Amino acid sequence: MKDTASSCMVVAALIATVAFAAAFTVPGGNNGETGAPIFFKDRWFTVFVISDAVAMFSSTASIIMFLSILTSRYAEDDFLFILPAKLMFGLISLFASIVCMVVTFSATFFVVYQEENKGTLPRLVAALALLPITLYAVLNSRLWISLIRSTCWSSRSMFRPGKHRLF
């Protein structure tokens with residue numbers, strides 16, 4: 001569990017760094033007179049801003065969850081519910097940040113290359129954007145299933161008063 005949390009925390013930190021930097025280097029740049037983004041009224045720019053913000057906040061949430069796993073006391077009871085639940089929440093928020101990061105990239109692509117949006121290039125970019133999302137979901141599905149089973153359907157972890165605190 002420590003190795004998984006450490007590895008995922010590195011990925012989440014990288015996503016948070018990229019999302020933070022993308023918020024201040026908007027596609028197309030800023031208007032020299034007003035300082036507002038050039039593509040401010042473009043719908044793809046709105047998608048960019050929202051997905052970048054969600055990527056930033058969900059990766060930060062996953063960093064906090066993985067950090068709480070690494071600093072846990074590792075008592076025997078913690079492995080029944082608390083630690084698997086934290087890991088599951090961390091992985092779900094990491095997945096959300098990966099999805100939003102890919103959406104942010106795609107929105108930036110559509111903002112910058114608006115004139116070429118009529119051909120096959122946008123479809124190719126959209127199809128390729130699904131690749132990392134699908135890979136992450138498929139490669140981590142066994143881990144998610146085992147976490148759900150151990151957290152939700154474990155006979156020892158269900159309905160034990162005082163043992164289900166996440167924080």
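The values are calculated or read from the model by the stated rules, or taken from the named source; none is laboratory data. Note that this is a predicted model, so its numbers are computed, not measured. Side chains are part of the model used for accessible areas, which takes the heavy atoms of the whole protein and leaves out ligands, DNA and RNA. Shrake-Rupley method; radii C 1.70, N 1.55, O 1.52, S 1.80 Å.
See the values below:
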read-out	value
Matching option when the condition is modelled with pLDDT of 85 or more and part of a helix (DSSP H, G or I), among LEU131, LEU147	LEU131
Selection count where residues are open to solvent by 20 Å² or more (accessible area, probe 1.4 Å) and within 23 Å of SER141 (Cα to Cα), scope region 59-97	17
Subset of region 24-58 (residues that are part of a helix (DSSP H, G or I), open to solvent by 60 Å² or more (accessible area, probe 1.4 Å) and of a type in the set (Ser, Thr, Tyr))	THR46
